[in-house]
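The values are calculated or read from the model by the stated rules, or taken from the named source; none is laboratory data. As the structure is a computational prediction, the values presented were derived from the model and not from experiment. Note that we place each Cβ from the backbone using ideal geometry, even for glycine, and neighbour counts take in every protein chain shown.
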Amino acid sequence: MTVHLYDSATRTVSALRPMREGEVSVYTCGPTTQGAPHLGHLRAFLAVDVLVRWLVRSGYAVTSIRNVTDIDDKILVKSAEADRPWWAWSLRFEREFQDSLDRLGVHRPDYEPRATGHVPEMIAFMQRLIARGHAYADGAGSVYFDVRSFPEYGALTRQSLDDLQDSGEAPAEGKHDPRDFALWKAAKDSEPDTASWDTPFGRGRPGWHLECSAMALKYLGETFDIHAGGLDLRFPHHENEQAQSHAAGYGFAERWMHVGVLTVDGQKMGKSLDNFVTAADAFAEASAPAVRLALVGGHYRALVEYNATAIREAETVWDRFVHSVRRALRLVGDAGRGDVTAVTLPEGFVRAMDDDLAVPEALAVVHRTLTALNTAVAGEDLEAATVLLAELRGMLDVLGLDPLDPLWDRQVTEAGASGASAEHTALDALVRDRLGERAEARAAKDWPRADAIRDALTRAGISVEDGREGADWSIETTTGGN
């Protein structure tokens, strides 16, 4: 089978044909560290994490780059309002982003370059564009890309330059055309001296778009396989990246991967609507694996709705994964803890993931395997349970949700479930008290009382499974096509 992916530039799904056999290069637009990360940001990085996991699972050696925009207008404004040095403000939120991604099990990229660390590369890039007639310095420290010099401008988003109407006003001072965009911004008297660098064009700082082209060139070369990012970055950011890179004579991205937006109660998440959910807010309300499942469970190109119902369902499904793995481990022992990165995965799962990372269809296979595993464990079928547990863990590993991954393993062995919500802890205590009463009734051969306790739990949506080491429980659900 061959991995097929959607290309946002051609708007078609096609087979992945890497530039170098057996290797895939991926560039992802990373965070702008102006404030705390919210789930809209994190969804894109989680989608790329699943992509990289699947490419590695498919036998590719992946080189992954994710940049950090550690200086821009908003960082300077917000740090000034907070009376903090801009670099300290930026570093604070860079660390918050990384801590949140670590908590969600997102693998770190091979390189994570900062914009401020690549000024020489940006200067060289601008000099090349000027020499080729596609950029100009205004004489006051700024450098602009000349959009009219490049007929292909608008190709990524299928817009002609004439479609991108200006306001009818005269161009800003120094610009030839209102639609020209800044490659380099002249230093301002109102900004700190530390926020600008000397260049042949004057003292200033990077424009947003230039940094990605310069860093992709340095770390991945003139042409690379996949450029990823949120759908909201297609225009103008990615359009401008592609234009300046092509104008400089580079191939740039062979394929574009754009991740759909996140909605909250039917509205796009965003600061302007004041409806964004920060990572800290999400972790306060639910376990990290449940948050991850809620964000990766839909197709990466589709709208994903995040609300109380969605996270509650994700928490329930995660608990089912954990309980089933725990029960299976009691039967199969340490053999169930082996490495699952080389396990042969069910054909249906592979087919779904090869079809543009169709996670909803892949999860349907996960849930069918979960049901089969529970049946094998209940029947004490050691051979079947061993195989099914490995398959289940292998599939969940691709999604970053293997309960025995070291990140989650402590929660499985010590807490026995998600362990992150007070509600689950309280429910677990109450259910186990009832199971203790039921065990006492069974020991006294008071079968009517034992059955009554089980029936009461069943009516409440609690499934009870009896095993050689006692009873365990899980929440019944049909989520995920089970």
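Observations on the structure shown:
- Residues in region 345-376 that are over 18 Å from residue 52 (Cα atoms) and either without any contact (Cβ under 8 Å) to a residue 12 or more places away in the chain or among the basic types (Lys, Arg) (or both): 347, 368, 375.
- Subset tally (residues that are at pLDDT 95 or above, surrounded by fewer than 19 Cβ atoms within 10 Å (Cβ to Cβ) and among the acidic types (Asp, Glu)) for region 239-271: 1
- Here residue 102 meets each of (1) buried (at least 23 other Cβ atoms within 10 Å of the Cβ); (2) touching a helix residue (DSSP H, G or I) at 6+ places or on another chain (Cβ under 9 Å); (3) within 26 Å of residue 407 (Cβ to Cβ) with one exception, condition (1).
- Hits in region 337-355 (condition: assigned to a helix (DSSP H, G or I) and at pLDDT below 95): 337
- Pairs, first assigned by TED's automatic domain parsing to the domain that holds residue 242 and more than 9 Å from residue 183 (Cα to Cα) in region 193-212, second buried (at least 22 other Cβ atoms within 10 Å of the Cβ) and of a type in the set (Asp, Glu), C-beta under 8 Å, six or more apart: 212/241
- So residue 152, is it touching a strand residue (DSSP E or B) at 6+ places or on another chain (Cβ under 9 Å), under 28 Å from residue 249 (Cα atoms) and not basic (Lys, Arg): no
- Hits in region 356-384 - residues which are among the small types (Gly, Ala, Ser) and either surrounded by 23 or more Cβ atoms within 10 Å (Cβ to Cβ) or assigned to a loop (DSSP other than H, G, I, E, B) (or both): 358, 362, 379
- Within region 445-459, residues that are more than 18 Å from residue 429 (Cα to Cα) have Cβ atoms under 6 Å from residues that are assigned to a helix (DSSP H, G or I) in these pairs: 449/441; 450/438; 450/441; 450/442, counting only partners at least 6 apart in sequence or on another chain.
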